[in-house]
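Following: one structure in structure tokens, then a few remarks.
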Amino acid sequence: MTFACREDDVPPGEGRNITIEGRRIALFRTDTGWYAVDAVCPHKGGPLADGIVCDHAVTCPLHDRSFDLRTGEGPGEDRIGTYAVEVRAGEVYVAVGVPAASPVAA
Ligand code: FES
């Protein structure tokens, strides 16, 4: 697990771009928990951290494709990587290379 940010750095309902071990990650704090996924949309490179988040899905701001933040599944063959998140004592940690099992409560 690698330190990503402080819990207060991401307001509820928003996403942030972070870089961990050279990988660009979009970190989201939602009503259903914290999620970390690949930051770049597989369609045409849209910035997923700037997308609209609802429940456990993010919609890419460029062409409105939605991705499940739990599984990374999108439309058709499109898919993004998901990563485990832990919140400890007000600090958020992400494990790059470790698939997300379940969201951490917001
Ligand atoms: S770049 Fe994300 S939907 Fe097109």
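The values are calculated or read from the model by the stated rules, or taken from the named source; none is laboratory data. As the structure is a computational prediction, the values presented were derived from the model and not from experiment. Reconstructed Cβ throughout: ideal geometry from the backbone, glycine too, with neighbour counts over all protein chains shown.
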ask   = Does any residue of region 70-83 turn out to be closer than 19 Å to residue 1 by Cβ, in a strand (DSSP E or B) and not charged (D, E, K, R)?
value = yes
task = Please determine, by comparing only the residues of region 1-45 that are part of a loop (DSSP other than H, G, I, E, B) and touching a residue at least 60 places away in the same chain (Cβ under 8 Å), which one is nearest to residue 68 (Cα to Cα).
result = 32
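Taking the options 20, 80, name whichever one is β-branched (Val, Ile, Thr), more than 12 Å from the chain's Cα centre (by Cα) and surrounded by 14 or more Cβ atoms within 10 Å (Cβ to Cβ).
On the way: 80 fails: more than 12 Å from the chain's Cα centre (by Cα).
After applying the criteria, what remains is 20.
Does region 60-101 hold any residues that are among the aliphatic types (A, V, I, L, M) and in contact with a strand residue (DSSP E or B) (Cβ under 6 Å, 6 or more places away or on another chain), and which are they?
Taking region 60-101 first, the residues among the aliphatic types (A, V, I, L, M) are 62, 69, 80, 84-85, 87, 89, 92, 94-96, 98, 100-101.
Answer for region 60-101, where residues must be among the aliphatic types (A, V, I, L, M) and in contact with a strand residue (DSSP E or B) (Cβ under 6 Å, 6 or more places away or on another chain): 69, 80, 84, 85, 87, 92, 94, 95, 96, 98, 100.
Would you pick out the residues in region 26-51 that are more than 16 Å from the ligand (Cβ to nearest atom) and either of a type in the set (A, V, I, L, M, F, W, C) or surrounded by fewer than 22 Cβ atoms within 10 Å (Cβ to Cβ) (or both)?
As a first pass, look at region 26-51 and keep what is more than 16 Å from the ligand (Cβ to nearest atom): 27, 29-36.
Correct list: 27, 30, 31, 32, 33, 34, 36.
Any idea which residue in region 56-69 is modelled with the lowest pLDDT, counting only those that are outside any strand (DSSP E or B) and crowded, with 16+ Cβ neighbours inside 10 Å? Steps first, answer last, please.
Step one: list which residues in region 56-69 are outside any strand (DSSP E or B), which gives 56, 60-65, 69.
With the extra rule that they be crowded, with 16+ Cβ neighbours inside 10 Å, the set shrinks to 56, 60, 65, 69.
Working: 56: 91, 60: 98, 65: 97, 69: 96.
Ranking the candidates gives 56 first.
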task = Go through the residues of region 53-69 one by one and say whether even a single one is touching a Pro at 6+ places or on another chain (Cβ under 9 Å) and in contact (Cβ under 8 Å) with a residue 60 or more places away in the chain.
result = no
key: Counted residues, region 52-74 - those being within 20 Å of residue 85 (Cα to Cα) and within 8 Å of the ligand (Cβ to nearest atom)   = 0
